[in-house]
Amino acid sequence: MNISYLKKGILPKAGNIFNLNLSRRDFLKYTGAATGLFLTSRLLEYPFLSYANQRPRVVSVYDSNATDYDYITGFHWEYVNQNVVNNMMAQGVMALTGKTNTEAAWKELIPYQSGEKVLIKFNFNNSRDCEGYDNKIDPLAETANAIIDGLISIGVPGDKIWFTDPSRKIPEKFREGIINPYIQYYSHLSCTGLNYHIIDYIDPKSPAASTATCPAGEKILPSQIFVEADHLINVPILKSHGEYVTLALKNHYGSVLFQNYDRSEMHAFFNEGKNSAGCDLNKTNILADINNNPHIKNKTRLVIGDGLFGNPFTNWKDTERWEIFGNDDPNIFFFSIDPVAISSVMTDYIVAERGGQDHEQLHAAAGLGLGIHDHWDAFETKNYTAIDYIPFDLNNPKISRVDIDQAIRDYKAGNATEKEVKDIISRYMEGI
Ligand SMILES: [Zn+2]
């Protein structure tokens, strides 16, 4: 294949991809525009693949059967279908990694060695007591059970799977829904119960402390559990915090303490409007600084955005129905290894539902090299220039870019014909 046009950033003329008769417009639609920008001389054998491989991938999986709450009877978290959630999780990790079975996908994501510990950071922001029997949005046991299944499948023992939200209580209503009895729970705040441990934050003199850019020199002190863990999975919830988003980056606000400031004071350093410190929050932002701590940055293997339920307006109230999801709960999961890219996509959904959201944190984090920030072109099309976003709708399954990647791999391995690859690309083209 002649690849010179890719190096120059010039789009191909019709007909030179597998000799398919693709128009320039189709090709643009397919690749999400700005094709040449991200291509280098490696990985150019198949332009679709190489383009995707150089942008962070974000996958979403939607299935309206995941939840079934009528907003009248009982609590929303009593209406989650574990089997549907398990399938969504399986589809998500496979699509994210391009693997065809869940075990291979989890292995790719978590390179687990015997004896290591896998820490999962949930967002229990609304858990102010040890019981938690209310309708406020908090982590779902079904999501956690599906993650546990994935980890168990690659040989992680239950007692090496650690759940945490250091600054909040991990409530009974969540723990009693966890099927595996060996999971360990870590918080700075005490509750009683099996495998529930109190854990402290590190000392400012610890080598695990890192330094903030604004307030300059302030020490960021992660919970000791982050120092002891080997792999980290970050599980934010699809919700707003009022003026600004609270997604993958803000989820780690609860993972740390600070040396000289208390938690509430620190909001001034990421929330514009309350910025008494005079920082340019698009460049220096405490949420970006927290996520830049080596025990968070270097250990993060996977981010799973839980949008089975969500609130586009506030972080501390009950679940809400979303207009953009058919006036129902969102019933969606997001998957990525890039905390900034996944937060960018989740932000776009929140903005589509409610209007603007401050997100200086994402600009600052991208500036620190923690991931890629971008905005989609429009809700209807959801095209990104810098993110390889692949949405799956399990209610209406269609040929996706992941299917094409697989067909091309099969072709290269001698397990598919060129015609089969062309056919699947044509079917994809018809669907967009
Ligand atoms: Zn932005």
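A few remarks follow.
- Relative contact order for the range 323-387, counting Cα pairs under 8 Å that sit 6 or more residues apart, in percent: 32 percent
- Net charge of Cβ neighbours under 11 Å - reference residue 372; Lys, Arg +1; Asp, Glu -1: -1
- With an a/c value of 1.5 or above and a/b not larger than b/c for the gyration tensor axes a ≥ b ≥ c computed over the alpha-carbon atoms, the range 86-210 is described as oblate.
- With a cut-off of 13 Å between beta carbons, the residues surrounding residue 70 carry a summed charge of -3, where Lys and Arg count +1 and Asp and Glu -1.
- Taking each residue as 0.36 nm, the span from residue 377 to residue 72 lengthens on full extension beyond its C-alpha to C-alpha distance by 106.1 nm.
- Order of 196, 71 - criterion: other Cβ atoms within 10 Å of each residue's Cβ, fewest first: 71, 196
- For the peptides 285-297, 411-423, 199-211, 334-346, the ranking by mean Cβ contacts within 10 Å, running from highest to lowest, is 334-346, 285-297, 199-211, 411-423.
- Counting only the Cα atoms, the range 163-254 fills a convex hull of 129 Å³ per residue.
- Rounded to the nearest 5, the antiparallel percentage of DSSP beta bridges internal to the range 58-397 is 40%.
- Relative to the dominant Cα principal axis of the chain, helix 82-97 is inclined by about 60°.
- Computed helical MRE - 222 nm, the chain, DSSP H runs ≥ 4 contributing -39500 (n - 2.57), nearest 500: -8500 deg cm²/dmol
- Each residue, residue 418 and residue 114, gets one label point 7 Å from its Cα in the Cβ direction; the gap between the two is 4.9 nm.
- Scaled against the 2.2 N^0.38 Å expected of a compact globular protein of N residues, the Cα radius of gyration of the range 359-432 reads 1.46.
- As a ratio to 2.2 N^0.38 Å, the alpha-carbon radius of gyration for the range 131-171 is 1.36.
- Scattering curve values for the chain, log₁₀ I(q)/I(0), Debye with Cα scatterers, q = 0.10, 0.11, 0.14 Å⁻¹: -0.71, -0.85, -1.33
- Each residue of the range 98-112 is assigned a 3J(HN,Hα), and the resulting list reads x, 8, 9, 9, 5, 4, 4, 5, 5, 4, 5, 7, 10, x, 7 Hz, derived from the Karplus form 6.51 cos²θ - 1.76 cosθ + 1.60 (θ = phi - 60°), x at Gly and Pro.
- Karplus 3J(HN,Hα) series, Hz, for the range 75-81 with 6.51 cos²θ - 1.76 cosθ + 1.60 (x for Gly, Pro): 9, 4, 6, 7, 10, 10, 8
Every number here is computed from the coordinates shown, using simple stated rules; none is lab data. It should be emphasised that the depicted structure is a prediction, and the values quoted were computed from it without experimental measurement. Ideal geometry is used to build each Cβ from the backbone, glycine not excepted, and the neighbour counts take in all protein chains shown.
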